[in-house]
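See below for the structure under consideration.
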Amino acid sequence: KSGAADCETLISIYTPNFEANKENVDFLKQVLKILDKIGCTESNLFTQTAEALYKQEPSADAAYGLAKVFLKKEKYSKAVEYYKEAINHTDSATDVKADYYFELATIVGGKLGQNEAARSYAYKALAIRPNWGAPYLLIGNLYAGSSKSCGEDEFHQRAVYWVAVDKFLKAKAVDPSCAAKANKYIG
């Protein structure tokens, strides 16, 4: 709080002790807390410490935190790995688990181009929260984005947009809060 310590200083203090303490849960929590408070969450030390803590105390929150760290670093495959871990550590069908599935679908489809897997994760989110429009919007956009790879001629490729519009209409029907976005996509 005094401003005496910055990221560079903290990293130089904690890095030499990391290897010797990477199984010490209290040490790891302390380092994460301090690095987070100062805003050093994009440092390699923060990532290494968070992964070491996750190995010692796996939890949905820890896995989700790591997923977000790797997402910021644009390491999408690693982020996907931790999203799956967060899902596995979430006990039941809750809104949080639905959120994890939806975020995973967004990354898998948008960043990794795996539309079929993204659709599957979006449907898993909908199985938990059926009245949520955002996954339907995502599914519609996945269909629309893959139109060029569907069908052998222009007519069949454009027909994919009918399916996309159906998903946008479904989004509006189940979740009026996304109607404006759905209407934009339909237009």
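The values are calculated or read from the model by the stated rules, or taken from the named source; none is laboratory data. Keep in mind it's a predicted model, so treat the numbers as computed, not measured. The accessibility values were calculated without ligands, DNA or RNA, using every heavy atom of the protein model including side chains. Shrake-Rupley method; radii C 1.70, N 1.55, O 1.52, S 1.80 Å.
Relative contact order of the stretch 27-102: 24 percent, from C-alpha pairs under 8 Å at least 6 residues apart in sequence. When a/c is below 1.5 the answer is rounded, else prolate if a/b is larger than b/c, else oblate, so apply that to the stretch 41-85 with a ≥ b ≥ c taken from the square roots of the Cα gyration tensor eigenvalues. Oblate, because a/c is 1.5 or more while a/b does not exceed b/c. Entry comment: accessible area of the chain is 57 Å² per residue, from protein heavy atoms only and a probe of 1.4 Å. Rolling a 1.4 Å probe across all protein chains gives K75 an accessible area of roughly 110 Å².
Heavy-atom accessible area for S59, with the other protein chains in place and a 1.4 Å probe, reaches approximately 40 Å². Note on the chain: helix-only mean residue ellipticity at 222 nm, from DSSP H runs of 4+ residues weighted -39500 (n - 2.57) and normalised by residue number, equals -24000 deg cm²/dmol.
I'd like the carbon and sulfur percentage of the solvent accessible area for the chain, probe radius 1.4 Å, heavy atoms only, ligands and nucleic acids excluded. Heavy-atom surface of the chain belonging to carbon and sulfur, 1.4 Å probe: 49 percent.
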